Amino acid sequence: MSVMNPSEAPIGWTHRGPLPAVRLFLGQPGGEAAALVGRDIGGFEVELVPVNPSDAIDASRLVGAGAALVEVDVADPASFARFEALAKAKGVALVAAAYDPPLALVRALVRAGAHDVIPLPLDAHELETALRPIAQQIAASRTDTHLRRGKLVSVIKAVGGVGATAIAGQLALRFAARERAHGRGACLIDFDVQFGDAAFQLGLSPALSLGDLVKAGKRLDGELLRSTVTQHPSGLKMIAAPKSMLPLESLSSDQVLEIVELAGRDFGTVFVDLPTNWTNWSLSLLARSDVVLLITELSVASLHRARRQLDLLGEQQLGDLEVRVIVNRYERGLLKGAKSSAVRDALGREPAFEIANDFALMRAAIDRGVPLDEIKRKSGIARDLDAVDLGVAALLGLER
């Protein structure tokens, strides 16, 4: 079972940022091809993957790219078959490249799914001309998706046991109730596929779960997603973690992003509770997020791990994400200034929110599977969660 720790570099996560990548699969990537690496060509950042025209290319090597250029050997039918197979992979535009391609091959490649066919050796102008229309299509698609997609709030934890799931669940309940009053919705998806119990903590017993969406594979659609949803009396829609533990690598970036997009279109704001261990797909969800809530405590170990996660986001060019640190189980008192200073020194930033320490009240709400207010109408935790709710709504641009 593979996991990614905060100090490890990810491989294959999908960053839906402003500049997609074009991956060049070339047999002899010398000369001008090598000089293009890292440059912006036609709206794409160029990446180079040396591979012989006759060698197999697994479709997973296209994950994370916006487009790919694949060399085709004119004299090798297996090379054409390789391109044809890759063209069936979902979501990546392909450009074919060949030395002196005959017209019959060009036509065959276009029929197979090539957006364009360009000659080798590679010329920057030819590549720019082939990629520019693809980049424009991607930009138009992103604009259209942005207009109809829901907002995404990701909840991550510095370490296990900091109460992140409890915070995510109780916050989502309050958020959904207020959104319902304004004619909008909210959804909570438990992506902790091994130890997730958000549904249990909210008193829900769903018949279907995230595991059913994962098993569906390419059959996933809006109707199937809606069938897995359980509704809480507050109006919150809930997609529970799988009933049986799943390996973290059983999910892919494309799969989880599609689940989130479908949920956002149907239910509005989507909260996701992520596992403690980092994976390529959880990093992809963070890259897609409108707001990230990082839950920590005042312990040295928790603050240290929180700092490592913030550093990792910066290393992966995600430092511009709207990350807000929440200090849970906060003991207020005379040392408040010293405590805030400790958080600031450890994380390099001020905590955005603090949640009062009332373990007995939170435990009672979890044991009964109800909102905090049903146990105690007025409490420090409730006031603090109200502050987080208003802060998140403001960050998302939601009028309340």
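Along the stretch 287-297 the Karplus relation, 6.51 cos²θ - 1.76 cosθ + 1.60 evaluated at θ = phi - 60°, assigns HN-Hα couplings of 4, 7, 6, 7, 9, 10, 9, 9, 8, 9, 10 Hz to successive residues, with x for each Gly and Pro.
Using θ = phi - 60° in the Karplus curve 6.51 cos²θ - 1.76 cosθ + 1.60, the 3J(HN,Hα) couplings for the stretch 188-203 round to 10, 10, 8, 8, 7, 6, 10, 10, x, 9, 4, 4, 4, 5, 9, x Hz; x is entered for Gly and Pro.
Longest stretch of the chain clear of exposed loop sites (GluC sites (Glu not before Pro), DSSP loop, at most 12 other Cβ atoms within 10 Å, sites excluded): 9-330. Ratio of Rg to Rh for the chain: 1.04 [Cα atoms; Kirkwood radius as inverse mean 1/r over pairs]. Subtracting the Cα-Cα distance of GLU223 and GLN136 from their residue separation scaled by 0.36 nm leaves 28.3 nm. Taking every DSSP beta bridge that has both ends in the stretch 135-288, the antiparallel portion is near 15%.
Taking the DSSP beta bridges with both ends in the chain, the antiparallel portion is around 10 percent.
Which of the residue pairs LYS151/LYS237; LYS88/LYS218; LYS157/LYS378 have a Cα-Cα distance greater than 18 Å in the structure shown? Provide the component values of the computation, followed by the final result.
Values: LYS151/LYS237 14 Å; LYS88/LYS218 13 Å; LYS157/LYS378 26 Å.
Cα-Cα > 18 Å for LYS157/LYS378; rest within.
Annotation: amide H of VAL325 within the under-5 Å range of LEU294, ALA352, PHE353, sequence separation 5 or more or interchain, hydrogens built in the peptide plane. Summarising the strand pairing of the stretch 39-147, around 15 percent of its internal DSSP beta bridges are antiparallel.
When only Cα pairs under 8 Å and 6 or more residues apart are kept, what is the percent relative contact order across the chain? Walk me through the numbers on the way to the answer.
Details: 739 pairs, mean separation 68.4, N = 400.
Rounded, it is 17 percent for the chain.
Rule-based calculations on the coordinates, nothing more; no lab input. These figures come from a predicted structure and were not determined experimentally. Quick reminder, even Gly has a Cβ in these numbers, built from the backbone with ideal geometry, and neighbours come from all protein chains shown.
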